[in-house]
Amino acid sequence: MEIYKYTLEFKEEVYFSSQEIDIFFSTKPIIGNYALAYAMNWCNSKYNQNYVSYEDDFKMVNHKGLYIIPAIIKNPKYNIFTFNGLSHSYYHKMQRAQSNYPQMGKIKALSTGNIAEGFIFAKGEFRKLSYIRLGKFMGKVKVIYEKCDYKVIEEEKECYGLVNSLDLHDDFEIKNFDLINVHPVSLFKNLKGRGKMYEIKTKEGTVFYPCNIVFGGSL
């Protein structure tokens, strides 16, 4: 198996509707690994379907031996702007009540120049895309890969970055964590636990991450 540290450089604004408060739509400084798997073209989203196909899509990715962890943005920068899709001919409060889609409001998006990072675990070859598209606006993002040396240990350590709570294997003994509630799956931050872990050496230093982690946990 090979481990790569990936770095995302935002060339355009990236917006996910992580939090909605009335007409204010905000992006949290994280990128879920499900969104990243689709962006990396490991599986294809079926836009004409009326159901979520995570189980079918990620079984295929697990079969390929690929896994990407959620990305974290350490020093996020934002742009805030307004949008208005209303015409002048109708009363917007009535229209909002009839639709599931916001017609006006403010958006807080991750701005150009942000840097996000995480790891890819690959049991086989995969295509290393130089650029991907992310978010509802399909913002352009550059991807840089750094191959890392690693070894497997079994100790109690604090895990690097973010861990998908559903993907974590049951045999990992969780000690403590901070929980980030985001759709579709909550993420662990500052996760500390005992079990088999990768000790990963990067240019910035050594970090730790749980082994036996796959999309969906047991798909």
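We did not get these values from a lab; they are worked out from the coordinates using the rules stated. Just so we're clear, the structure is a prediction, and the values are computed from it rather than from any experiment. Glycine also receives a Cβ, built like all others from the backbone with ideal geometry; neighbour counts cover every protein chain displayed.
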If you put +1 on each Lys and Arg Cβ and -1 on each Asp and Glu Cβ, how big is the dipole of the chain around its Cα centre, in Debye rounded to 20? 740
Listed with the fewest Cβ neighbours within 10 Å leading, 73, 153 appear as 153, 73
Above 25 angstrom, tally the Cα pairs of the range 117-219 and express them as a % of all pairs, no decimals. 26
Checked against the positive end of the charge dipole of the chain (+1 on Cβ of Lys and Arg, -1 on Cβ of Asp and Glu, about the Cα centre), the farthest of 150, 4, 191 is 4
Equivalent ellipsoid, the chain (semi-axes from 5 times Cα gyration tensor eigenvalues, Å): 34, 18, 18
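Size of the dipole of the range 154-212 about the Cα centre, Lys and Arg at +1 and Asp and Glu at -1 on the beta carbon, nothing else charged, in debye to 20?
Numbers: 8 positive and 11 negative charges, 41 e Å.
With Lys and Arg at +1 and Asp and Glu at -1, about 200 debye.
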Enter the angle in degrees (range 0 to 90, nearest 10) between the Cα long axis of helix 54-64 and the first principal axis of the Cα atoms of the chain, meaning the one along which they spread out most. 30
Helical contribution to [θ] at 222 nm, DSSP H n ≥ 4, -39,500 (n - 2.57), averaged over the chain, rounded to 500: -3000 deg cm²/dmol
Taking the Cβ of each residue in 163, 143 as the centre, tally the other Cβ atoms inside 10 Å and list the residues starting with the fewest. 143, 163
Order by neighbour count: 141, 152, 185, 214, fewest other Cβ atoms within 10 Å first, most last. 152, 185, 214, 141
